[in-house]
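Below you'll find the structure, written out as structure tokens, and then a few comments.
Nothing in this text is a laboratory measurement; each read-out follows from the coordinates by a stated rule. On a predicted model such as this, the values are computed, not experimentally measured, just so you know. All Cβ positions, glycine included, derive from the backbone under ideal geometry; neighbour counts span all protein chains shown.
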Amino acid sequence: MKLNKDQIKEILPHRDPMLLVDTVEELIPGERAVTTFYVDPARDIFRGHFPEEPVLPGVYSVECMAQAADVLLLFDERYRGKLPLFIGINNVRFRSKIRPGDTIEVRVHISAAREEKAIFTCSAEVYDKGELAATGDVTLAMR
């Protein structure tokens, strides 16, 4: 299943400038998702990070992981319309720089679930130009 930006906005509560999912390339409900995000060189963050050698801040990569997980979890009717609260990150590793003008691909899958509390951990991988750029586990509570 694929989703465009308008369809993504029907699922996610995020909006620009914090909406960091442009497309959903694959979605298998309850299992995994693959999203993309274009790193627009016009983003204000690059004026200060870093002017001479702009690079996407690591926290943006982590937020991309969380929002890809949000898509996966909020697509489930049980959680549609809920607010996905970011309650934890673990095992985050940054392997390469993501630069303005790149389009990254984020792959997530559910790695742990506490369904009685609507808390999920998703493992994520961020790819840039086909190369692994970052990994991590994000934990979210559906409220």
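To the nearest µm²/s, what D does Stokes-Einstein give for the chain at 25 °C and 0.890 mPa s, using the Kirkwood radius over alpha carbon pairs as Rh? Stokes-Einstein gives a translational diffusion coefficient of 162 µm²/s. Run down the lysines and flag those whose C-alpha is under 21 Å from the C-alpha of Lys9, throwing out any fewer than 8 positions away in its chain. Leaving aside lysines fewer than 8 places away in the same chain, those within reach of Lys9 are Lys82. For Arg99 and Ser111, the difference between the fully extended length at 0.36 nm per residue and the C-alpha to C-alpha distance is 1.4 nm. Listed by chain and number, the lysines placed with their C-alpha closer than 23 angstrom to that of Lys97 are Lys129; residues fewer than eight positions away on the same chain are left out. What FRET efficiency comes out for the pair Ile89/Glu53, r = Cβ-Cβ distance, R0 = 25 Å, nearest 0.05? Working from the Cβ atoms, E equals 0.45.
Based on Cα contacts under 8 Å between residues 6+ apart, the stretch 28-113 shows a relative contact order of 55 percent. Note on Lys2: no lysines have a C-alpha under 17 Å away, same-chain residues under 8 apart excluded. With the Cα gyration tensor of the stretch 81-128 giving a ≥ b ≥ c as the square roots of its eigenvalues, does the rule (a/c under 1.5 for rounded; else a/b larger than b/c for prolate; else oblate) give rounded, prolate or oblate? Since a/c reaches 1.5 and a/b is larger than b/c, the shape of the stretch 81-128 is classed as prolate. Classification of the stretch 1-66 by its C-alpha gyration tensor yields a prolate form. The axis ratio a/c (a ≥ b ≥ c) is 1.5 or more, and a/b outweighs b/c. Seen against the Cα atoms of the chain and their longest principal axis, helix 58-74 is set at about 30 degrees. Between Ala42 and Arg15, the contour length at 0.36 nm per residue exceeds the alpha carbon distance by 8.0 nm.
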